[in-house]
1. Can you find a residue that is farther than 22 Å from ASP56 by Cβ, hydrophobic (A, V, I, L, M, F, W, C) and at pLDDT below 95 anywhere in segment 113-130?
2. Right, ARG144: of a type in the set (D, E, K, R), surrounded by 18 or more Cβ atoms within 10 Å (Cβ to Cβ) and part of a loop (DSSP other than H, G, I, E, B) or not?
3. Within segment 166-175, work out how many residues are touching a Gly at 6+ places or on another chain (Cβ under 8 Å) and crowded, with 20+ Cβ neighbours inside 10 Å.
4. If you go through segment 132-154 one residue at a time, how many are under 17 Å from ALA103 (Cα atoms), touching a residue at least 24 places away in the same chain (Cβ under 8 Å) and not small (Gly, Ala, Ser)?
5. Pick from VAL5, VAL65, VAL57, VAL80: which is surrounded by 22 or more Cβ atoms within 10 Å (Cβ to Cβ) and either under 30 Å from ILE141 (Cβ atoms) or at pLDDT 95 or above (or both)?
Amino acid sequence: MKNTVGSGGFINPKAVISQLQIKPGARVADLGCGHGYFTIPLAKMVGETGRVWAVDVLPAALAEVENRALAENLKNIETVRGNLEKEGGAPIGNAECDFVILANTLYQSQQKEAILKEALRILRIQGRLVVIDWRADDLTIGPREGWRLGAVELKELAKKQGALFLQNLPTGNFHYGLIFVK
């Protein structure tokens, strides 16, 4: 049976992104895309006239996204290798995206501010930055403490980078979701 729920089954990507009001034709970046748990449903949502950039540092993850896109006949996904911790590390032009998704990405790095800066660089003015990550106040499941970032801390970091908090995004029991506007 194919796993259609990403992040070990703790998040339902389709249910989460259905709340975002992403329209056909939108341009979306899935930064730290992993195996494409968000990329594939995003590509279906933006349709043939839209575009999804699947960015990851791991070539094996990008190959998995390419295989899944091929299996589902999705031609609107561009897989690109990138290092989000570096300025210009996401090989996408400035202000190209209507939405940028960071799902289970920030907890994996100590360079959270650099990643947010890079995400905002590729986001257009009035675009939406969607961050989904492990809750820092519940260590019963998921990665251990140390690199987790709480929602309050994330709001402060995003504000420092010029993003305004817009709203919470329901994501399940073990993650938080926040939407920011540039």
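1. Checked against the condition, which is being farther than 22 Å from ASP56 by Cβ, hydrophobic (A, V, I, L, M, F, W, C) and at pLDDT below 95, segment 113-130 yields no hits at all.
2. Criteria not met by ARG144.
3. Final tally of qualifying residues: 1.
4. Counting residues in segment 132-154 that are under 17 Å from ALA103 (Cα atoms), touching a residue at least 24 places away in the same chain (Cβ under 8 Å) and not small (Gly, Ala, Ser) gives 10.
5. VAL65
A quick yes/no check of all residues on (1) closer than 17 Å to LEU178 by Cβ; (2) among the β-branched types (Val, Ile, Thr):
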{"site": "GLU85", "(1), (2)": "no, no"}
{"site": "ALA90", "(1), (2)": "no, no"}
{"site": "ALA95", "(1), (2)": "no, no"}
{"site": "ASP98", "(1), (2)": "no, no"}
{"site": "ILE101", "(1), (2)": "yes, yes"}
{"site": "ALA119", "(1), (2)": "yes, no"}
{"site": "ILE125", "(1), (2)": "no, yes"}
{"site": "ALA136", "(1), (2)": "yes, no"}
{"site": "ILE141", "(1), (2)": "no, yes"}
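The values are calculated or read from the model by the stated rules, or taken from the named source; none is laboratory data. Note that the structure is predicted; figures quoted are calculated from it, not measured. Backbone-built Cβ (ideal geometry, glycine too); neighbour counts: all protein chains shown.
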